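Asker: Structure provided below as structure tokens; questions to follow.
The values are calculated or read from the model by the stated rules, or taken from the named source; none is laboratory data. Just so you know, these numbers come straight off a predicted model, no measurement behind them. Neighbour counts are summed over all protein chains in view; Cβ atoms, including those assigned to glycine, are modelled from backbone coordinates with ideal geometry. Ligands, DNA and RNA are stripped out before the accessible areas are found, and what is left, the full protein with its side chains, is counted by its heavy atoms. Shrake-Rupley method; radii C 1.70, N 1.55, O 1.52, S 1.80 Å.
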Amino acid sequence: MSVETAAVRFPFPPQGAALPADKPLPLPEIISANAAEIRSQHGVAIFTSDDETMGESVRTLAVQLHTNVFLKEGFIGEEELNGVGLYVDGYSSRSEYFYAVNGNKIAAARQIPCAREGILAKLHIVTPPSEVGLRSLPTIKNFEIDPQAMLDVAHARTLADINPGKVKEISGLASRVKEGATDESHGNDLDAVLGLYTKMLARSLENGDEVWIQNVSPGFVRLLRNMVGEDQVRELGPKREYMGPASVPVAFNLHDATRHVLVSDSEMSSRLRTHFRVIFQGMDDRKVPADIRKLFAENDIQTESRSRTRQALANPKFLACAAITAYSSVRAFPAASVEQFHGSLPVLLGIDVGTAIPYGPALIEAATGRNLPRRLGAAAAAGALFLAPYAYYYKEGSNYPPAVNWIAGSLIGAAIAKELIGRKAKHAKNERLLEDLCDIPVDKLPS
């Protein structure tokens with residue numbers, strides 16, 4: 001049985017009814033019926049706010065636990081609560097909440113995605129530019145961030161290369177012992193907090209996320225490093241007071257951390273692999289790198305492998321290359337129909353399609369290569385691949401009508417202009433991110 005199959009309804013407060021501020025909502029349904037069956041098999045029941053039948057109830061319980069713990073710790077005041085006694089901030093509406101229950105403890109946390117940079121946002125019609133992308137995450141907004149540390153974690157060359165859609169902030173972690181809980185008879189329970197993090201990791205891997213950002217206490221930094229590896233958790237900047245005592249901004253790469261857990265012989269990695277076997281069961285792994293899927297199999301972690309066709313159709317790089325190949329195939333026919341072309345249509349088609357297949361990967365490598373020689377080599381290769389069909393076309397023809405030359409010139413000019421404009425926009429975006437993360441003007445940044 002999956003850890004997320006309990007068809008139970010959590011108590012949901014009617015509008016205007018105050019929630020108790022001193023204890024969690026009662027959970028009789030969670031610890032009985034289907035949830036109790038889940039716990040008997042797996043030791044922990046985990047629920048998410050995207051569940052169609054009980055998502056809003058899960059969200060309420062998670063926010064209520066968050067509220068209670070933060071009130072008790074003095075991180076927030078009662079004047080900050082809404083009409084039903086909950087603490088809701090500007091990130092709540094776009095967050096996915098997770099709620100875990102075992103024999104002794106309840107725990108909750110949330111994943112905050114970056115606000116999307118849609119067309120209206122880019123035109124500054126809906127959302128100011130400082131409130132989208134990486135800059136929309138609370139840790140990025142409220143801490144001084146070392147840009148190089150972010151690049152190292154994301155394995156990116158510039159900040160503009162980091163895809164905001166693959167970055168999530170983990171926030172609002174709260175846990176407490178259940179009322180009436182004892183240590184007796186719960187020795188086989190999976191840890192609620194570890195289960196919570198494992199479920200969030202599974203969801204992120206399914207979504208294709210690559211980086212997690214958090215701001216946590218120094219003690220929790222040590223716990224994270226114990227969980228996913230000493231070298232995996234990177235401090236992004238100096239600690240500062242934010243929602244309580246001083247916390248440290250940190251980030252880690254999900255793929256690197258997962259690899260560490262799957263190959264490490266540490267006691268914590270062994271515990272986490274136990275959670276993986278339970279909570280990753282049936283996980284959609286089509287966006288997981290192939291080497292990690294192989295490690296899953298070696299560790300008896302039964303994810304749901306998709307067919308190669310479905311994986312390819314879900315891969316943006318494959319779809320981009322397929323579109324370029326299709327475009328190249330179509331344009332060869334009208335070009336070859338011009339009377340002044342004396343070459344072979346099959347040869348032209350072969351050159352056009354054959355160069356289109358490696359053209360996309362060459363462009364990607366030219367933009368994201370790990371070092372300058374690789375980027376320059378890829379750029380040269382992309383240029384040669386792009387011009388090859390034009391070179392054959394003009395070699396095997398003469399006295400083309402002006403319209404043919406104009407169309408060919410326009411295609412080449414448009415490609416060059418797109419590249420130049422794209423690079424300029426990317427450079428401007430990178431400068432804005434540098435200024436925001438460092439909190440100092442770009443012209444004062446070290447070169």
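Asker: Sticking with the crude label model, points 7 Å out along Cα→Cβ, report the distance from Glu304 to Met243 in nm, one decimal please.
Answerer: 3.1 nm
Asker: How high is the FRET efficiency between Asp256 and Ala388 when r is their beta carbon distance and R₀ equals 51 Å, given to the nearest 0.05? Mind dumping the intermediate values first?
Answerer: Values: r = 38 Å, r/R0 = 0.74.
My answer for the efficiency is 0.85.
Asker: Could you work out how much longer the chain between Ser264 and Arg222 gets when fully extended? Use 0.36 nm per residue separation minus the Cα distance between them, nm to one decimal.
Answerer: Values: separation 42, 0.36 × 42 = 15.12 nm, distance 1.70 nm.
Contour length minus Cα-Cα distance gives 13.4 nm.
Asker: At a 1.4 Å probe radius, carbon and sulfur cover how many percent of the accessible area of segment 234-308? Before the final figure, lay out each step's value.
Answerer: Values: 1640 of 3710 Å².
The value for segment 234-308 is 44 percent carbon and sulfur by accessible area.
Asker: Highest first, please rank the peptides 217-224, 246-253, 59-66, 159-166 by the mean number of other Cβ atoms sitting within 10 Å of their residues.
Answerer: On the way: 217-224: 14.8, 246-253: 21.2, 59-66: 25.0, 159-166: 18.6.
Final packing ranking: 59-66, 246-253, 159-166, 217-224.
Asker: Let me ask another. Over segment 195-262, average the accessible area per residue using a 1.4 Å probe and give it in Å², no decimals.
Answerer: Working: 2420 Å² over 68 residues.
Here the per-residue accessible area is 36 Å².
Asker: What distance in nm separates the simple spin-label points at Asp161 and Ala297, each placed 7 Å from Cα in the Cβ direction?
Answerer: Once both label points are built, they end up 3.1 nm from each other.
Asker: Another question, then. Tabulate in residue order the Karplus-calculated ³J(HN,Hα) for segment 251-265, using 6.51 cos²θ - 1.76 cosθ + 1.60 with θ = phi - 60°, rounded to whole Hz; enter x for Gly and Pro.
Answerer: 8, 8, 7, 5, 5, 5, 5, 5, 4, 4, 4, 6, 10, 6, 9
Asker: Let me ask something else about it. With the cut-off at 23 Å, tell me which of the pairs Lys199/Lys294; Lys166/Lys287; Lys168/Lys239; Lys141/Lys168; Lys141/Lys287; Lys72/Lys166 have Cα atoms farther apart than that.
Answerer: Numbers: Lys199/Lys294 20 Å; Lys166/Lys287 11 Å; Lys168/Lys239 20 Å; Lys141/Lys168 14 Å; Lys141/Lys287 29 Å; Lys72/Lys166 34 Å.
Check vs 23 Å cut-off fails for Lys141/Lys287; Lys72/Lys166.
Asker: Working out 0.36 nm times the residue gap between Glu56 and Ser344, then minus their Cα-Cα distance, what length gain in nm do you get to one decimal? Could you put the intermediate results ahead of the total?
Answerer: Values: separation 288, 0.36 × 288 = 103.68 nm, distance 6.36 nm.
Result: 97.3 nm gained on full extension.
Asker: Distance from a point 7 Å along Cα→Cβ of Asp152 to each backbone N in segment 232-260: keep the residues under 19 Å and list them by number.
Answerer: Of the residues in segment 232-260, 232-240, 248-260 have backbone N under 19 Å from the label point off Asp152.
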